[in-house]
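A.B. asks: Have a look at this one.
The values are calculated or read from the model by the stated rules, or taken from the named source; none is laboratory data. Here the structure is a predicted model, which means the values were calculated and not measured. All Cβ positions, glycine included, derive from the backbone under ideal geometry; neighbour counts span all protein chains shown. Side chains are part of the model used for accessible areas, which takes the heavy atoms of the whole protein and leaves out ligands, DNA and RNA. Shrake-Rupley method; radii C 1.70, N 1.55, O 1.52, S 1.80 Å.
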Amino acid sequence: MKAGIVGATGYGGIELLRLLNNHPQITSITLYSSSQAGEKFEDIYPQFQGEQTHILQDLVPDMMKEDLDVIFLATPAGVSSQLTPKLQGGHAKIIDLSGDLRIKDASLYEQWYNKGAAPNEVLEKAVYGLPEWNKERIQDADVIANPGCFPTAALLGLGPLVKEGLVKADSIIVDAKSGVSGAGKNPNPLTHFAHAQENFQIYKVNRHQHIPEIEQQLSEWYSDIDPVTFSTHLVPMTRGIMATIYVQLNKNLTEDELRNTFERYYTTEPFVRVREEGSFPCTKDVYGSNYCDIGLTIDTRTKRVTIVSVIDNLLKGAASQAVQNMNLIFQYEEKTGLSPLPVYP
Ligand SMILES: NC(=O)c1ccc[n+]([C@@H]2O[C@H](COP(=O)([O-])OP(=O)(O)OC[C@H]3O[C@@H](n4cnc5c(N)ncnc54)[C@H](OP(=O)(O)O)[C@@H]3O)[C@@H](O)[C@H]2O)c1
(Lines give C-alpha, C1' and ligand atoms only; values in the text may rest on other atoms or scores of the structure.)
Protein backbone atom coordinates (compact mmCIF):
# COMPACT_ATOMS: atom_id res chain seq x y z
CA MET A 1 0.00 0.00 0.00
CA LYS A 2 1.30 3.45 -0.91
CA ALA A 3 1.31 6.14 1.76
CA GLY A 4 2.07 9.85 1.57
CA ILE A 5 2.95 12.17 4.45
CA VAL A 6 2.38 15.91 4.09
CA GLY A 7 4.34 17.88 6.71
CA ALA A 8 6.84 15.04 6.92
CA THR A 9 9.56 17.25 8.37
CA GLY A 10 7.48 18.06 11.47
CA TYR A 11 7.30 16.07 14.69
CA GLY A 12 4.07 14.28 13.81
CA GLY A 13 5.30 13.54 10.29
CA ILE A 14 8.56 12.07 11.55
CA GLU A 15 6.71 9.70 13.85
CA LEU A 16 4.42 8.67 10.99
CA LEU A 17 7.46 7.82 8.88
CA ARG A 18 8.97 5.73 11.69
CA LEU A 19 5.73 3.79 12.20
CA LEU A 20 4.85 3.31 8.52
CA ASN A 21 8.40 2.16 7.84
CA ASN A 22 7.71 -0.82 10.14
CA HIS A 23 4.17 -1.45 8.92
CA PRO A 24 3.95 -4.75 7.01
CA GLN A 25 1.26 -3.51 4.60
CA ILE A 26 3.10 -0.35 3.48
CA THR A 27 5.14 -0.76 0.31
CA SER A 28 6.12 2.86 -0.32
CA ILE A 29 6.16 6.14 1.59
CA THR A 30 6.32 9.49 -0.19
CA LEU A 31 7.22 12.53 1.87
CA TYR A 32 5.97 16.01 0.97
CA SER A 33 7.28 19.37 2.05
CA SER A 34 6.01 22.88 1.41
CA SER A 35 9.39 24.45 2.15
CA GLN A 36 12.14 21.91 1.45
CA ALA A 37 11.06 20.00 -1.67
CA GLY A 38 14.02 18.49 -3.53
CA GLU A 39 16.03 17.96 -0.35
CA LYS A 40 16.87 14.55 0.99
CA PHE A 41 14.93 13.87 4.19
CA GLU A 42 17.83 11.87 5.62
CA ASP A 43 20.16 14.88 5.19
CA ILE A 44 17.83 16.93 7.40
CA TYR A 45 17.32 14.09 9.88
CA PRO A 46 20.45 11.87 9.72
CA GLN A 47 19.04 9.63 12.44
CA PHE A 48 16.71 8.22 9.77
CA GLN A 49 19.52 6.97 7.52
CA GLY A 50 18.87 3.36 6.65
CA GLU A 51 18.02 1.18 3.71
CA GLN A 52 15.84 3.77 2.00
CA THR A 53 16.24 7.43 1.19
CA HIS A 54 13.43 9.89 0.62
CA ILE A 55 13.57 13.02 -1.52
CA LEU A 56 11.01 15.53 -0.25
CA GLN A 57 8.36 16.17 -2.90
CA ASP A 58 6.27 19.16 -3.87
CA LEU A 59 2.57 18.81 -3.20
CA VAL A 60 0.64 17.93 -6.36
CA PRO A 61 -2.88 17.12 -5.11
CA ASP A 62 -4.26 15.84 -8.43
CA MET A 63 -1.51 13.24 -8.69
CA MET A 64 -1.41 12.40 -4.99
CA LYS A 65 -5.10 11.60 -4.74
CA GLU A 66 -4.87 9.01 -7.55
CA ASP A 67 -1.37 7.58 -6.98
CA LEU A 68 -1.55 7.07 -3.22
CA ASP A 69 -3.77 4.83 -1.12
CA VAL A 70 -3.58 6.91 2.03
CA ILE A 71 -2.46 10.49 2.68
CA PHE A 72 -1.57 11.73 6.16
CA LEU A 73 -1.75 15.48 6.72
CA ALA A 74 0.57 16.41 9.58
CA THR A 75 0.34 20.14 8.97
CA PRO A 76 -0.42 23.21 11.10
CA ALA A 77 -3.98 24.43 11.57
CA GLY A 78 -5.28 26.21 8.49
CA VAL A 79 -3.58 23.94 5.93
CA SER A 80 -5.80 20.86 5.63
CA SER A 81 -8.96 23.00 5.54
CA GLN A 82 -7.61 24.20 2.16
CA LEU A 83 -5.87 21.01 1.05
CA THR A 84 -8.50 18.36 1.83
CA PRO A 85 -11.02 19.57 -0.79
CA LYS A 86 -8.26 19.23 -3.42
CA LEU A 87 -7.32 15.72 -2.25
CA GLN A 88 -10.86 14.39 -1.95
CA GLY A 89 -12.79 12.51 -4.59
CA GLY A 90 -9.89 10.36 -5.81
CA HIS A 91 -8.54 6.99 -4.78
CA ALA A 92 -6.73 8.00 -1.57
CA LYS A 93 -8.12 8.00 1.96
CA ILE A 94 -7.19 11.08 3.96
CA ILE A 95 -6.16 11.18 7.63
CA ASP A 96 -5.73 14.68 9.01
CA LEU A 97 -3.74 15.15 12.21
CA SER A 98 -4.58 18.84 12.58
CA GLY A 99 -7.63 20.37 14.22
CA ASP A 100 -9.09 21.60 10.91
CA LEU A 101 -11.65 18.84 10.37
CA ARG A 102 -12.57 17.98 13.94
CA ILE A 103 -15.11 20.67 14.80
CA LYS A 104 -18.38 20.14 12.95
CA ASP A 105 -19.61 23.71 13.50
CA ALA A 106 -17.54 25.91 11.16
CA SER A 107 -18.21 29.09 13.14
CA LEU A 108 -17.04 27.42 16.35
CA TYR A 109 -13.80 26.38 14.61
CA GLU A 110 -13.28 29.96 13.41
CA GLN A 111 -13.92 31.33 16.88
CA TRP A 112 -11.42 29.02 18.63
CA TYR A 113 -8.75 28.70 15.93
CA ASN A 114 -9.01 32.21 14.54
CA LYS A 115 -8.77 30.84 11.00
CA GLY A 116 -11.17 30.17 8.14
CA ALA A 117 -12.93 26.81 8.46
CA ALA A 118 -12.95 23.96 5.93
CA PRO A 119 -15.98 23.85 3.61
CA ASN A 120 -19.07 22.38 5.26
CA GLU A 121 -19.22 19.41 2.88
CA VAL A 122 -15.69 18.43 3.98
CA LEU A 123 -16.58 18.81 7.67
CA GLU A 124 -19.68 16.68 7.18
CA LYS A 125 -17.66 13.86 5.59
CA ALA A 126 -14.84 13.85 8.14
CA VAL A 127 -15.20 11.12 10.76
CA TYR A 128 -13.79 11.75 14.24
CA GLY A 129 -11.07 9.13 14.59
CA LEU A 130 -11.20 8.09 18.22
CA PRO A 131 -11.05 4.34 17.52
CA GLU A 132 -12.18 3.12 20.95
CA TRP A 133 -15.46 4.99 20.53
CA ASN A 134 -16.09 5.29 16.83
CA LYS A 135 -14.85 2.10 15.17
CA GLU A 136 -17.76 1.41 12.83
CA ARG A 137 -17.81 4.90 11.34
CA ILE A 138 -14.02 4.93 10.98
CA GLN A 139 -14.12 1.67 8.99
CA ASP A 140 -16.36 3.35 6.38
CA ALA A 141 -14.59 6.70 6.31
CA ASP A 142 -12.85 8.41 3.39
CA VAL A 143 -11.64 11.28 5.55
CA ILE A 144 -10.56 11.03 9.19
CA ALA A 145 -10.22 13.90 11.63
CA ASN A 146 -7.58 12.43 13.93
CA PRO A 147 -8.28 13.64 17.49
CA GLY A 148 -6.09 16.17 19.27
CA CYS A 149 -3.60 15.01 21.87
CA PHE A 150 -5.32 16.55 24.92
CA PRO A 151 -8.80 15.48 23.74
CA THR A 152 -7.58 11.90 23.28
CA ALA A 153 -6.38 11.73 26.90
CA ALA A 154 -9.40 13.59 28.28
CA LEU A 155 -12.08 11.74 26.29
CA LEU A 156 -10.69 8.25 26.92
CA GLY A 157 -10.66 9.14 30.62
CA LEU A 158 -14.19 10.57 30.64
CA GLY A 159 -15.96 8.35 28.10
CA PRO A 160 -17.32 5.50 30.23
CA LEU A 161 -18.78 7.70 33.00
CA VAL A 162 -20.24 10.33 30.66
CA LYS A 163 -21.68 7.75 28.26
CA GLU A 164 -23.37 5.99 31.19
CA GLY A 165 -24.87 9.30 32.39
CA LEU A 166 -23.11 8.95 35.74
CA VAL A 167 -21.52 12.43 35.82
CA LYS A 168 -23.10 15.63 37.17
CA ALA A 169 -23.33 17.69 34.00
CA ASP A 170 -21.63 20.81 35.38
CA SER A 171 -18.87 19.13 37.34
CA ILE A 172 -16.14 18.25 34.82
CA ILE A 173 -12.65 19.64 35.34
CA VAL A 174 -9.75 18.50 33.17
CA ASP A 175 -6.33 19.55 34.43
CA ALA A 176 -3.88 18.61 31.68
CA LYS A 177 -0.10 18.74 31.33
CA SER A 178 2.02 18.29 28.22
CA GLY A 179 5.65 17.95 27.23
CA VAL A 180 7.09 20.54 24.83
CA SER A 181 6.91 18.42 21.65
CA GLY A 182 3.15 19.08 21.78
CA ALA A 183 3.91 22.50 20.29
CA GLY A 184 5.68 21.09 17.20
CA LYS A 185 9.24 21.53 16.01
CA ASN A 186 9.43 25.33 15.83
CA PRO A 187 10.43 26.82 19.18
CA ASN A 188 8.60 29.83 20.54
CA PRO A 189 9.10 31.95 23.69
CA LEU A 190 6.99 29.50 25.76
CA THR A 191 8.87 26.38 24.62
CA HIS A 192 12.38 27.88 24.39
CA PHE A 193 14.74 25.72 26.49
CA ALA A 194 15.85 28.59 28.71
CA HIS A 195 12.25 29.36 29.57
CA ALA A 196 10.75 25.88 29.72
CA GLN A 197 13.42 23.92 31.58
CA GLU A 198 12.99 23.88 35.37
CA ASN A 199 9.71 25.69 34.80
CA PHE A 200 6.04 24.71 35.01
CA GLN A 201 3.56 26.96 33.32
CA ILE A 202 -0.16 27.18 32.69
CA TYR A 203 -1.12 28.53 29.27
CA LYS A 204 -4.19 29.42 27.16
CA VAL A 205 -6.36 29.51 30.30
CA ASN A 206 -10.03 28.97 29.30
CA ARG A 207 -9.17 29.52 25.64
CA HIS A 208 -7.38 26.38 24.48
CA GLN A 209 -8.59 25.31 21.02
CA HIS A 210 -9.16 21.75 22.24
CA ILE A 211 -12.07 22.84 24.46
CA PRO A 212 -14.76 22.74 21.72
CA GLU A 213 -13.45 19.38 20.49
CA ILE A 214 -13.78 17.84 23.95
CA GLU A 215 -17.23 19.35 24.50
CA GLN A 216 -18.45 18.25 21.06
CA GLN A 217 -17.69 14.59 21.80
CA LEU A 218 -18.96 14.74 25.39
CA SER A 219 -22.30 16.13 24.22
CA GLU A 220 -22.56 13.33 21.65
CA TRP A 221 -22.30 10.88 24.53
CA TYR A 222 -24.58 12.84 26.85
CA SER A 223 -26.51 15.72 25.32
CA ASP A 224 -27.09 17.66 28.57
CA ILE A 225 -23.42 18.04 29.41
CA ASP A 226 -22.33 21.57 30.49
CA PRO A 227 -19.13 23.35 29.39
CA VAL A 228 -15.99 21.89 30.91
CA THR A 229 -13.14 23.58 32.73
CA PHE A 230 -10.00 22.61 30.84
CA SER A 231 -6.50 23.79 31.78
CA THR A 232 -3.22 23.09 30.03
CA HIS A 233 0.26 23.23 31.51
CA LEU A 234 3.69 22.97 29.91
CA VAL A 235 6.02 20.50 31.63
CA PRO A 236 9.77 20.47 30.92
CA MET A 237 9.84 17.02 29.32
CA THR A 238 10.00 16.08 25.66
CA ARG A 239 6.83 14.04 25.29
CA GLY A 240 3.86 12.86 27.28
CA ILE A 241 0.46 14.09 28.41
CA MET A 242 -1.24 13.59 31.75
CA ALA A 243 -4.86 14.62 32.09
CA THR A 244 -6.02 14.64 35.70
CA ILE A 245 -9.79 14.72 35.55
CA TYR A 246 -12.22 15.51 38.37
CA VAL A 247 -15.94 14.77 38.18
CA GLN A 248 -18.80 14.57 40.64
CA LEU A 249 -21.03 11.51 40.26
CA ASN A 250 -24.81 11.76 40.30
CA LYS A 251 -25.11 8.45 42.15
CA ASN A 252 -22.97 6.57 44.64
CA LEU A 253 -20.58 3.99 43.20
CA THR A 254 -18.12 1.71 44.96
CA GLU A 255 -14.53 1.49 43.75
CA ASP A 256 -15.40 -1.85 42.14
CA GLU A 257 -18.44 -0.46 40.35
CA LEU A 258 -16.39 2.48 39.11
CA ARG A 259 -13.65 0.24 37.76
CA ASN A 260 -16.15 -2.18 36.22
CA THR A 261 -17.74 0.69 34.30
CA PHE A 262 -14.38 1.38 32.65
CA GLU A 263 -13.59 -2.26 32.09
CA ARG A 264 -16.91 -2.83 30.33
CA TYR A 265 -15.80 -0.38 27.65
CA TYR A 266 -12.10 -1.05 27.52
CA THR A 267 -11.29 -4.75 28.15
CA THR A 268 -11.60 -5.47 24.44
CA GLU A 269 -9.63 -2.38 23.46
CA PRO A 270 -5.99 -3.25 22.73
CA PHE A 271 -4.60 0.18 23.55
CA VAL A 272 -6.41 1.26 26.71
CA ARG A 273 -5.14 -0.19 29.98
CA VAL A 274 -7.16 0.43 33.15
CA ARG A 275 -5.15 0.17 36.37
CA GLU A 276 -5.97 -1.88 39.45
CA GLU A 277 -7.34 -0.01 42.45
CA GLY A 278 -4.65 2.16 44.06
CA SER A 279 -2.38 2.26 40.98
CA PHE A 280 -1.97 5.43 38.90
CA PRO A 281 -0.01 5.77 35.66
CA CYS A 282 2.74 8.25 34.86
CA THR A 283 3.73 9.50 31.42
CA LYS A 284 6.75 7.18 31.16
CA ASP A 285 4.39 4.21 31.40
CA VAL A 286 3.23 4.94 27.83
CA TYR A 287 6.31 6.70 26.39
CA GLY A 288 6.94 5.65 22.78
CA SER A 289 3.73 3.58 22.56
CA ASN A 290 0.12 3.77 21.41
CA TYR A 291 -1.23 3.06 24.89
CA CYS A 292 -3.52 5.18 26.99
CA ASP A 293 -3.22 4.17 30.65
CA ILE A 294 -5.97 5.13 33.07
CA GLY A 295 -6.05 5.12 36.88
CA LEU A 296 -9.08 6.16 38.94
CA THR A 297 -10.54 6.39 42.39
CA ILE A 298 -13.39 7.94 44.39
CA ASP A 299 -12.72 10.30 47.26
CA THR A 300 -15.27 9.15 49.81
CA ARG A 301 -15.06 12.53 51.65
CA THR A 302 -15.79 14.78 48.65
CA LYS A 303 -17.65 12.16 46.55
CA ARG A 304 -15.47 13.27 43.66
CA VAL A 305 -13.85 10.87 41.18
CA THR A 306 -10.26 11.45 40.13
CA ILE A 307 -9.29 9.93 36.77
CA VAL A 308 -5.69 10.03 35.55
CA SER A 309 -5.21 9.43 31.83
CA VAL A 310 -1.76 9.38 30.21
CA ILE A 311 -0.66 9.13 26.59
CA ASP A 312 2.37 9.88 24.44
CA ASN A 313 1.24 13.06 22.68
CA LEU A 314 3.11 12.26 19.47
CA LEU A 315 1.80 8.68 19.30
CA LYS A 316 -1.65 7.92 20.76
CA GLY A 317 -2.10 11.71 20.67
CA ALA A 318 -1.15 11.94 16.97
CA ALA A 319 0.83 9.56 14.70
CA SER A 320 0.11 6.07 16.07
CA GLN A 321 -3.58 6.86 16.53
CA ALA A 322 -3.54 7.92 12.86
CA VAL A 323 -2.02 4.54 11.93
CA GLN A 324 -4.62 2.79 14.13
CA ASN A 325 -7.27 4.62 12.09
CA MET A 326 -5.56 3.57 8.85
CA ASN A 327 -5.63 -0.06 10.03
CA LEU A 328 -9.37 0.19 10.69
CA ILE A 329 -10.14 1.82 7.33
CA PHE A 330 -8.19 -0.79 5.39
CA GLN A 331 -9.40 -3.66 7.60
CA TYR A 332 -5.98 -4.64 8.84
CA GLU A 333 -5.79 -6.03 12.35
CA GLU A 334 -6.04 -2.94 14.57
CA LYS A 335 -2.63 -3.46 16.18
CA THR A 336 -0.71 -3.93 12.92
CA GLY A 337 2.55 -2.00 13.05
CA LEU A 338 1.70 -0.67 16.52
CA SER A 339 2.97 -3.43 18.73
CA PRO A 340 5.96 -1.83 20.50
CA LEU A 341 5.69 -1.70 24.27
CA PRO A 342 6.62 1.64 25.88
CA VAL A 343 10.23 2.79 26.10
CA TYR A 344 11.36 2.80 29.73
CA PRO A 345 13.02 4.44 31.54
N1 LIG B 1 2.92 17.71 18.29
C2 LIG B 1 1.92 17.02 18.83
O3 LIG B 1 2.05 16.44 19.93
C4 LIG B 1 0.61 16.92 18.12
C5 LIG B 1 -0.37 16.06 18.64
C6 LIG B 1 -1.61 15.96 18.00
C7 LIG B 1 -1.86 16.71 16.87
N8 LIG B 1 -0.92 17.57 16.41
C9 LIG B 1 -1.25 18.35 15.23
O10 LIG B 1 -0.58 17.78 14.12
C11 LIG B 1 -0.18 18.79 13.20
C12 LIG B 1 1.34 18.70 13.02
O13 LIG B 1 1.95 18.92 14.30
P14 LIG B 1 3.51 18.85 14.48
O15 LIG B 1 3.76 18.89 15.93
O16 LIG B 1 4.09 17.79 13.64
O17 LIG B 1 3.93 20.28 13.86
P18 LIG B 1 5.35 20.73 13.31
O19 LIG B 1 6.44 20.00 13.99
O20 LIG B 1 5.35 22.22 13.40
O21 LIG B 1 5.32 20.29 11.78
C22 LIG B 1 4.37 20.74 10.87
C23 LIG B 1 4.92 20.56 9.45
O24 LIG B 1 3.94 21.06 8.54
C25 LIG B 1 4.59 21.53 7.37
N26 LIG B 1 3.90 22.75 6.89
C27 LIG B 1 3.94 23.98 7.42
N28 LIG B 1 3.18 24.83 6.67
C29 LIG B 1 2.70 24.10 5.65
C30 LIG B 1 1.86 24.40 4.55
N31 LIG B 1 1.39 25.64 4.35
N32 LIG B 1 1.54 23.41 3.68
C33 LIG B 1 2.02 22.16 3.86
N34 LIG B 1 2.82 21.82 4.90
C35 LIG B 1 3.15 22.78 5.78
C36 LIG B 1 6.02 21.86 7.78
O37 LIG B 1 6.85 21.09 6.95
P38 LIG B 1 7.42 21.67 5.57
O39 LIG B 1 7.91 23.07 5.84
O40 LIG B 1 8.50 20.71 5.26
O41 LIG B 1 6.25 21.62 4.64
C42 LIG B 1 6.18 21.36 9.19
O43 LIG B 1 7.31 20.53 9.34
C44 LIG B 1 -0.62 20.12 13.84
O45 LIG B 1 -1.83 20.53 13.29
C46 LIG B 1 -0.78 19.78 15.32
O47 LIG B 1 -1.73 20.60 15.96
C48 LIG B 1 0.32 17.66 16.98
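A.B. asks: List the pairs from Lys86/Lys185; Lys65/Lys86; Lys65/Lys335 whose alpha-carbon separation is above 19 Å, in the order I gave them. Don't skip to the end; give the middle numbers.
C.D. replies: Numbers: Lys86/Lys185 26 Å; Lys65/Lys86 8 Å; Lys65/Lys335 26 Å.
Where the Cα-Cα span goes over 19 Å, the pairs concerned are Lys86/Lys185; Lys65/Lys335.
A.B. asks: Continuing with the same structure: For Glu333 and Thr238, FRET efficiency with R0 = 25 Å and r from the beta-carbon atoms, rounded to 0.05? Before the final figure, lay out each step's value.
C.D. replies: Details: r = 30 Å, r/R0 = 1.20.
For Thr238 and Glu333, the calculated efficiency is 0.25.
A.B. asks: Between Asp299 and Asn114, what FRET efficiency follows from the Cβ-Cβ distance if R0 is 35 Å, with the result rounded to 0.05? Numbers along the way, then the final one.
C.D. replies: Values: r = 38 Å, r/R0 = 1.10.
Working from the Cβ atoms, E equals 0.35.
A.B. asks: List the aspartates and glutamates whose alpha-carbon lies under 13 Å from that of Lys303, not counting same-chain residues fewer than 8 positions away?
C.D. replies: Correct list for Lys303: Glu255.
A.B. asks: Counting other C-beta atoms within 10 Å, and keeping those with at most 11, which DSSP coil GluC sites (Glu not before Pro) do you find in the stretch 14-56? Each step should come with its number before you reach the end.
C.D. replies: On the way: sites: Glu15, Glu39, Glu42, Glu51; in loops: Glu39, Glu51.
Passing both the DSSP loop test and the Cβ count: Glu51.
A.B. asks: Under 10 Å, Cα contacts only: if you run a Gaussian network model on the chain, which one of Leu83, Leu17, Leu155 comes out with the highest mean-square fluctuation?
C.D. replies: Per the Cα network of the chain with a 10 Å cutoff, Leu83 tops the list.
A.B. asks: Per residue, how many Å² of accessible area does the chain show with a 1.4 Å probe? Working shown, then result.
C.D. replies: Details: 15100 Å² over 345 residues.
Result: 44 Å² per residue.
A.B. asks: A further question follows. How about Lys135: which aspartates and glutamates have a C-alpha closer than 12 Å to its C-alpha, ignoring those fewer than 8 places off in the same chain?
C.D. replies: Qualifying aspartates and glutamates at Cα under 12 Å: Glu269, Glu334.
A.B. asks: Which value in deg cm²/dmol, rounded to the nearest 500, describes the helix-derived mean residue ellipticity at 222 nm for the chain, given -39,500 (n - 2.57) per DSSP H run of n ≥ 4 and division by the residue count? All intermediate terms of the calculation are to be shown ahead of the outcome.
C.D. replies: Numbers: 12 runs with 106 residues, N = 345.
Helices in the chain give a 222 nm mean residue ellipticity of -8500 deg cm²/dmol.
A.B. asks: Additional query: Modelling each spin label as a point 7 Å along the Cα-to-Cβ direction, I'd like the Lys284/Lys86 distance in nm, to one decimal.
C.D. replies: Placing both labels 7 Å beyond Cα along the Cβ direction yields 4.5 nm.
A.B. asks: To the nearest 10 degrees, how steep is helix 319-329 against the longest Cα principal axis of the chain, on a 0 to 90 scale?
C.D. replies: That works out to roughly 80 degrees.
A.B. asks: Among Thr261, Thr27, Thr152, which one moves the most in a GNM of the chain with springs linking Cα atoms closer than 10 Å?
C.D. replies: Sorting by GNM fluctuation, first place goes to Thr27.
A.B. asks: Now for a separate question. So, in nm, how far is label Asp170 from label Val205 when the simple model puts each one 7 Å beyond its Cα toward the Cβ?
C.D. replies: 2.2
A.B. asks: Could you pull out the GluC sites (Glu not before Pro) across the stretch 176-256 that fall in loop regions by DSSP (anything but H, G, I, E, B) with no more than 15 other Cβ atoms inside 10 Å? It would help to have the intermediate numbers written out before the result.
C.D. replies: Working: sites: Glu198, Glu213, Glu215, Glu220, Glu255; in loops: Glu198.
Taking the stretch 176-256 and a limit of 15 other Cβ atoms within 10 Å, the loop GluC sites (Glu not before Pro) found are Glu198.
A.B. asks: Do any trypsin sites (Lys or Arg not before Pro) in the stretch 239-286 lie in a DSSP loop with no more than 16 other beta carbon atoms within 10 Å, and if so, which? Intermediate results must be reported in sequence, preceding the final value.
C.D. replies: Working: sites: Arg239, Lys251, Arg259, Arg264, Arg273, Arg275, Lys284; in loops: Arg239, Lys251, Arg275.
Filter output for the stretch 239-286: Lys251.
A.B. asks: In a shell of Cβ-Cβ distance under 13 Å around Gln47, excluding Gln47 itself, what net charge do Lys and Arg (+1) and Asp and Glu (-1) give?
C.D. replies: -2
A.B. asks: Follow-up. Please compute the net charge surrounding Ile94, taking Lys and Arg as +1 and Asp and Glu as -1 over other residues with Cβ under 12 Å from its Cβ. Intermediate results must be reported in sequence, preceding the final value.
C.D. replies: Details: positive: Lys65, Lys86, Lys93, Lys125; negative: Asp69, Asp96, Asp100, Asp142.
Net local charge, Ile94 excluded: 0.
A.B. asks: Just grab the label-to-label distance for Asp142 and Lys251, each label 7 Å out from Cα along the Cβ direction, in nm (one decimal).
C.D. replies: 4.3
A.B. asks: Could you compute the net charge surrounding Gln248? Neighbours are other residues with a C-beta less than 12 Å from the C-beta of Gln248; K and R count +1, D and E count -1.
C.D. replies: Net charge around Gln248: +1.
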